[in-house]
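Report on one structure; see the data block that follows.
Readers should treat all values here as calculations from the given coordinates under stated rules, not as data from a laboratory. Being a predicted model, the structure only gives us computed values, none of them experimental. Cβ atoms come from the backbone with ideal geometry, glycine included; neighbour counts cover every protein chain shown.
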Amino acid sequence: MIRTILTIEGMACSMCEAHINDVVRRTCRVKKVSSSHTKGQTEILSDEPLDTDALKEVIRATGYTVLSAYAEPYEKRRLFSRK
């Protein structure tokens, strides 16, 4: 699984968060997406790496600016797992 973090400028409220989340869901196949206007970030979990250039473009078209984007491997934490 891949975790993609977008730093987004222009989110001011929970409706902005919902707007970004909807745009991401319509653009990419994702497992989970959550945004925080206080952090200015959107976190996306997906099975495959995302096309961040396409994401930046659709988010820009809705009036927000993606300042940065990075992806990293993500491993779901299990409640009773041993390491």
Using the alpha-carbon atoms, what tilt in degrees (0 to 90, nearest 10) does helix 14-27 show relative to the longest principal axis of the chain?
70 degrees
Between the modelled labels at Thr62 and Asp22 (7 Å from Cα along Cα→Cβ) the distance in nm is 0.8 nm
At 0.36 nm per residue, and after removing the present C-alpha to C-alpha distance, how many nm does the segment from Ser34 to Tyr70 gain when stretched out fully?
11.4 nm
Within the chain, how many lysine pairs that are 8 or more places apart, or on different chains, have C-alpha atoms less than 20 Å apart?
5
Given 10 Å bins starting at zero, what is the percent of C-alpha pairs of the chain in each, up to the one with the largest pair distance?
18, 52, 22, 7, 1
